[in-house]
Amino acid sequence: MSYASPLLSLPGAVAADQPDAGVAAHYGDLFREQRALAAGDGFVDLSHRDVVTVTGPDRLGWLHLLLTQHVAELAPGQATEALILSAKGHIEHVLYLVDDGTTTWLHTEPGAAGALIAYLESMKFFYRVEVTDRTAEFAVVHLPAGSIAQVPAGTVVRETPYGRDVFLPRDRLTAFAEAHGPAAGVLAFEALRVEGHRPRLGRETDHRTIPHELGWLDTAVHLHKGCYRGQETVARVQNLGRPPRRLVFLHLDGSEVKLPEHGAPVRLAADGAEGRQLGFVTTSARHHELGPIALALIKRNVPADADLLAGDTPAAQEIVVPA
């Protein structure tokens, strides 16, 4: 059964499309919501995201063997990101983690918990760990950087430079909204994510994406830890310094009414709409200050100063991952 957040009943709420179906795209004023978040006000309902916990005395050492990140000595309250890769080094899961001293909490993309738990269960062997899907019990709520909102005592919080992810009991979601408004929709959250050059699984990734292409080496990969699945690819590409593609930030022509959709081809502007495809648009958004913007994944050897076409929209690129 499809999920529908109780906060869709708030005034002005307009439901989001996939991959964020189930929560609000906006509450009637996209730019006002963005400005509020940028100022440290309000919150974002991310209750459609999946929540998983790992308990047991071996949890951190065990996760350390499976993830790209160094988590063996993860301190209570310290937030981190980690990836699970395929044997060929392609990104399969992105995990946003925090440990509270007895339990490792993580959230991931909507609908991803099943496949994630199946993989983790297959790797338990003799380790003393328990993996549990907590999505039905806990909802993720995002408080922006600078927010002074108080969360209920005992609530697990994952604090990052761009805000706090709160693992809130679902039965407190409506009360939280009443106490910590105004609510902002996922379109405002996504616009600020694009502005911050932060990749997202399923948007900036496809079936062959490796961490180097998106800048995840800086936040989700530890280059000097022990073996994990896909590490050979990570080490080889890091040593050669030649990932096949790179993430770029695009300033889109503001005269276009329609934003390029996810998957829209990226070409050299000089070659026109019939030119060779060099990549694709991953996420586009309307920003309250920058106007229309996007992230795109393009071939590594595209000149850094080249003007591009994102679908039919002229675009100037800004480097995220150096060639």
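The values are calculated or read from the model by the stated rules, or taken from the named source; none is laboratory data. Here the structure is a predicted model, which means the values were calculated and not measured. In this analysis, Cβ positions are derived from the backbone assuming ideal geometry, glycine residues included, and neighbour counts consider all displayed protein chains. Only protein heavy atoms, including side chains, enter the accessible area calculation; ligands, DNA and RNA are left aside. Shrake-Rupley method; radii C 1.70, N 1.55, O 1.52, S 1.80 Å.
Annotations
- For segment 44-85, Kirkwood radius (reciprocal of mean inverse C-alpha pair distance, Å): 11.8 Å
- Segment 1-81, accessible surface, carbon-and-sulfur percent (1.4 angstrom probe): 55 percent
- Using bins of 5 Å that start at zero, the share of Cα-Cα pairs per bin across segment 163-264 amounts to 2, 8, 15, 17, 13, 13, 12, 10, 6, 2, 0, in whole %.
- Whole-angstrom Cα spans of segment 50-111 along principal axes, big to small: 32, 24, 18
- Fraction in percent of alpha-carbon pairs per bin - 10 Å, the chain: 6, 25, 32, 26, 10, 1, 0
- Measuring between their Cα centroids, segment 83-130 and segment 254-268 lie 34 Å from each other.
- For segment 16-111, GluC sites (Glu not before Pro) are listed when DSSP marks them as loop and at most 11 other Cβ atoms sit within 10 Å of their Cβ; the list is E73.
- Each residue of segment 91-102 is assigned a 3J(HN,Hα), and the resulting list reads 6, 10, 9, 10, 10, 10, 10, 7, 10, 9, x, 10 Hz, derived from the Karplus form 6.51 cos²θ - 1.76 cosθ + 1.60 (θ = phi - 60°), x at Gly and Pro.
- Here's how it looks for H70: its modeled amide H is under 5 Å from those of H222, which are all 5 or more places away or on a different chain.
- Per-residue Karplus couplings for segment 310-323, computed as 6.51 cos²θ - 1.76 cosθ + 1.60 with θ equal to phi - 60°, are listed in order as 9, x, 9, 9, x, 8, 9, 9, 10, 5, 10, 10, x, 5 Hz, Gly and Pro entered as x.
- Solvent exposure of the chain, expressed per residue, is 44 Å² of accessible area, with all protein chains present and a 1.4 angstrom probe.
- Spin-label model, R32/R236: points 7 Å from Cα along the beta carbon direction are separated by 5.4 nm.
- Helical mean residue ellipticity (222 nm; -39500 (n - 2.57) per DSSP H run of 4+; nearest 500) of the chain: -5000 deg cm²/dmol
- Kirkwood estimate for segment 232-272, i.e. one over the average of 1/r between Cα atoms, Å: 13.6 Å
- With θ taken as phi - 60° and the Karplus curve 6.51 cos²θ - 1.76 cosθ + 1.60 applied, the whole-hertz 3J(HN,Hα) list for segment 183-188 is 6, 10, x, 5, 5, 5 Hz, x standing for glycine and proline.
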